[in-house]
1. Can you tell me the convex hull volume per residue for the range 270-328, based on C-alpha atoms, in Å³ to the nearest whole number?
2. What is the distance in Å between the Cα centres of the range 268-287 and the range 103-150?
3. With angles folded into 0 to 90 degrees, how steeply does helix 186-201 sit against the dominant principal axis of the chain? Use alpha carbons for both and round to 10.
4. Determine the calculated [θ] at 222 nm for the chain from helices alone, applying -39500 (n - 2.57) to every DSSP H run no shorter than 4 residues and normalising by the residue count; nearest 500 deg cm²/dmol.
5. List the pairs from LYS153/LYS324; LYS54/LYS228; LYS54/LYS300; LYS244/LYS364; LYS153/LYS361; LYS244/LYS361 whose alpha-carbon separation is above 31 Å, in the order I gave them.
6. Checking the cross-link filter: which aspartates and glutamates have an alpha carbon closer than 13 Å to that of LYS310, excluding same-chain neighbours under 8 positions apart?
7. Along each principal axis of its Cα atoms, how long is the range 221-342 end to end? Whole angstroms, biggest number first, please.
8. Ordered by packing density, taken as the mean number of other Cβ atoms within 10 Å over each peptide's residues, highest first, how do 131-137, 38-44, 101-107, 167-173 rank?
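Computed from the coordinates by the stated procedures, all read-outs in this text should not be read as laboratory data. Since this is a predicted model, take the numbers as computed values, not measurements. We place every Cβ from the backbone using ideal geometry, glycine too, and count neighbours over all the protein chains shown.
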Amino acid sequence: MSLNTFGHLFRVTTWGESHGPAIGATVDGVPPGVALTEADLQPWLDRRKPGTSKFTTQRKEPDEVRILSGVFDGVTTGTSIQLMIENTDQRSKDYGDIAQSFRPGHADITYHQKYGLRDYRGGGRSSARETASRVAAGGVARAALAALVPGLKITGYMVQMGAKTIDRTRFDAAQIEENPFWCPDPVMADEWAVYLDDLRLNHNSVGAVIEVVAEGVPAGLGAPLYGKLDSDLASAMMSINAVKAVEIGDGMSAAMLTGVENADEIRMGPNGPEFLSNHAGGILGGISTGQPVICRFAVKPTSSILTPRKTINQRGEDIELITKGRHDPCVGIRAVPVGEAMMACVLLDHLLLDRAQTGGKRGKIGQ
């Protein structure tokens with residue numbers, strides 16, 4: 001399989017399978033001299049790891065990351081950084097029944113059609129387990145961003161589970177870390193808990209929408225046409241397992257607005273241009289405006305459920321299949337730290353691209 005790498009100057013190559021001995025990432029393009037230890041990366045992985053509540057898969061993985069290269073005396077050397085996370089709680093026997101069958105909603109059938117074979121143990125490379133590698137790489141990106149752009153902050157949270165959407169008038173950022181759903185609306189978090197528990201006990205699952213916001217992003221990141229910041233963000237988020245749609249700013253809702261409503265008006269402030277709204281999600285013409293960069297993505301329901309579903313096997317026979325094993329009733333929960341990681345990777349990549357092309361110079365306004 002090719003195309004395991006994303007990024008331009010900050011490049012991440014992930015490797016490994018869900019039920020192999022380990023997974024990991026090779027990270028290239030990090031400037032030298034960035035303070036980095038395993039302790040800097042582990043908190044991000046702890047937020048994504050399985051088994052943190054009854055609402056996630058009960059697979060027990062410590063997700064302890066090891067830095068094998070690219071760091072010396074606690075700082076990056078400028079060479080490639082190798083990250084490894086061992087798999088310790090594989091239960092491959094859970095997948096014996098689907099070795100010759102295709103789980104509906106999964107990549108089983110397309111992997112078989114493309115490659116003529118597949119690793120059926122947990123889905124192999126198509127497993128959401130791969131996202132732990134991205135979160136580790138995102139931790140590296142965060143460390144570099146902290147050194148290069150102090151004050152830049154990335155925050156992800158869930159805004160919708162199934163048809164149940166948060167009330168933004170109750171938005172409380174302090175609540176995001178206080179419930180298992182990364183939900184900024186405490187009332188909706190309680191409602192989701194009852195709703196998802198019922199789905200879980202009835203062998204069902206549900207989708208979700210995640211919002212990721214980056215504050216303190218400098219103006220000028222991205223390039224016109226084929227190097228747009230928003231196109232790379234959309235590609236990065238869409239590459240996450242189970243993601244089926246991505247929005248920047250108002251996204252699809254912008255189609256319902258008039259030009260008068262949609263245009264983000266501008267006034268001159270004491271420290272430069274100030275926008276009166278942010279329908280564009282902090283990006284115009286593919287280039288960051290200096291406003292918060294806002295991205296949302298939709299995650300489909302987990303396809304591995306204990307309710308029988310119609311499918312076929314490799315002999316072409318019609319069958320009904322129950323997918324056994326340990327699975328997330330709402331995979332969107334653990335997608336929140338993954339979305340944050342992808343935002344960090346894309347922003348660092350574009351920061352390095354901008355430094356290479358412009359040296360950080362900017363057009364002057366009001367001087």
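1. About 183 Å³ per residue, rounded to a whole number.
2. Cα centroid to Cα centroid, the span is 34 Å.
3. In the chain, helix 186-201 runs at an angle near 20 degrees to the longest axis.
4. About -8000 deg cm²/dmol.
5. Those over the limit are LYS153/LYS324; LYS54/LYS228; LYS244/LYS364; LYS244/LYS361.
6. ASP318, GLU320
7. That gives 67, 30, 27 Å along the principal axes, largest extent first.
8. 131-137, 101-107, 38-44, 167-173
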